[in-house]
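The structure appears below as structure tokens.
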Amino acid sequence: MNAGRPTPAIASPGTNPPMRSSPRPPRPSPRAISAAAPAAESHYAPPHAPPAPRTPAIEAYPTDGPTDPWAAEDEPRVAIAEEFADSVDMTEPRTPSRAPSSPIAPAPLPASPFRPPANPPEFERGLSRAGYMADPSTVLSMWLALRLERPLLIEGPAGVGKTDLARAAAEALGRPLVRLQCYEGLDEAKALYEWDYAKQMLYTQLLRDVIAQEVTGVTSIGEAADRVARSHATFWSERFLIARPLLTALQSAIPSVLLIDEVDRSDPEFEAFLLEILSEYQVSIPEIGTIHAAYRPLVLLTSNRVREMTDALRRRCLHLHLDYPTPARELAIIALRVPDIEDSLARHLVAFVQEVRGMDLRKLPSIAETVDWARSLVVLGARSLDPEIAQDTLGVLLKHQEDREKVERRTRELVDSAMRY
């Protein structure tokens, strides 16, 4: 039976099984098995991600063929692995090589009021970014006042950059600047707090019926006064308090920079009033009590020495004296504030101003006035300093007529001396 079908051979023990005589599908060509093309790069994949391991693509077989066409031992399974050993890596994916370190220094962190500079050089870089060229002694005094939480009294002639230093410090530290401008007659109502009497009267009118219910049934004036007194604290609370600069700095939700500008212009009584704030960072309000600072501000007091400050105030502060800058520092300030000016014109201008400051004048030109003069010359299109243009623009540099007349008589001499630099 089954004469047309060949009889399968039976293998004896210890011998290899005979080869199957059934027809087999043709062996796949090496061209059919090739490394798959790498997948397209994802828009969300980082550029440094390692590529996905490539796997060989195997051509599909006809559905009427055997289930496992390579089941026999003589099929080239090992041959396929050898054939693609150079193109397919069957080991674990290799760790991508680390990118070479960039020589560029990391960008500085943005200023934070809760992260003070760690050292004076870092603080100096912050002031430079804020547009203030400070010398090392100024930076050190500011940094110590910040770290020791002590007020800093800054003295010096008008126009040397005391107020601008407070502005630059606030910007470098990422803190809000709270400024109190002092003048003769300044009192605590304008500097510390004030009661909003109009708001108190409005609330009294709106709550008139409630107050009337409180005194219903009383038999004497004293009893009625006692009942009304129970609500006394309601009308003398922080709801009706108007915070002025000193109280605003103490109640600030983040550390701030408090500038008490030209404190020497205030009365000695106001100076005595400041002692509690400068020593304890607190204020006492009779109707409420003592208010302590949520965060101790950096307190900067400036003085033009209109009058001498008391020893009590000096004892509570660190001290810094700012004077007119050296020629090199003033030249750097001009280059920073007036970038369009010619280098030669800036040198001659600074030399001219230095000569003028050596004269006996009522008011010497300040740094701000030097910057304004440089800007004026740039606007006029001047490329060099000559006696005519210097004399015509002296009103930008000097603010008193008698000073201007003194300089006008020596304008040509001063210009010739400045041109040698």
Item to check | R0 of 25 Å, Cβ-Cβ distance Asp340-Glu413: FRET efficiency to nearest 0.05 | outcome: 0.30
Next on the checklist: If R₀ is 22 angstrom, what is the calculated FRET efficiency for the pair Arg296 and Leu140, using the beta carbon separation as r and rounding to 0.05?
Outcome noted: 0.65
Item to check | Residue-count net charge about Gly174 - beta-carbon cut-off 12 Å; Lys, Arg +1, Asp, Glu -1 | outcome: +2
Checklist entry - Where Lys and Arg each count +1 and Asp and Glu each count -1, what net charge lies around Lys406 among other residues with Cβ under 10 Å from its Cβ? => result -1
Next on the checklist: Can you give me the distance in nm between label points at Ile221 and Lys363, each placed 7 Å from the Cα along the Cα-to-Cβ direction?
Outcome noted: 6.0 nm
Item to check | Calculated P(r) of segment 327-418 - Cα pairs past 15 Å, % | outcome: 53 percent
Checklist entry - At what distance in nm do the modelled label points of Leu206 and Leu318 sit from each other, each positioned 7 Å from its Cα along Cα→Cβ? => result 4.7 nm
Checklist outcome for this item: Extension length gain for Ala189 and Thr393 (0.36 nm per residue less Cα distance), in nm, is 69.1 nm
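Every number in this text was worked out from the coordinates using simple rules, so none of it is lab data. Since this is a predicted model, take the numbers as computed values, not measurements. Every residue, glycine as well, gets a Cβ built from its backbone with ideal geometry; the counts of neighbours run over all protein chains shown.
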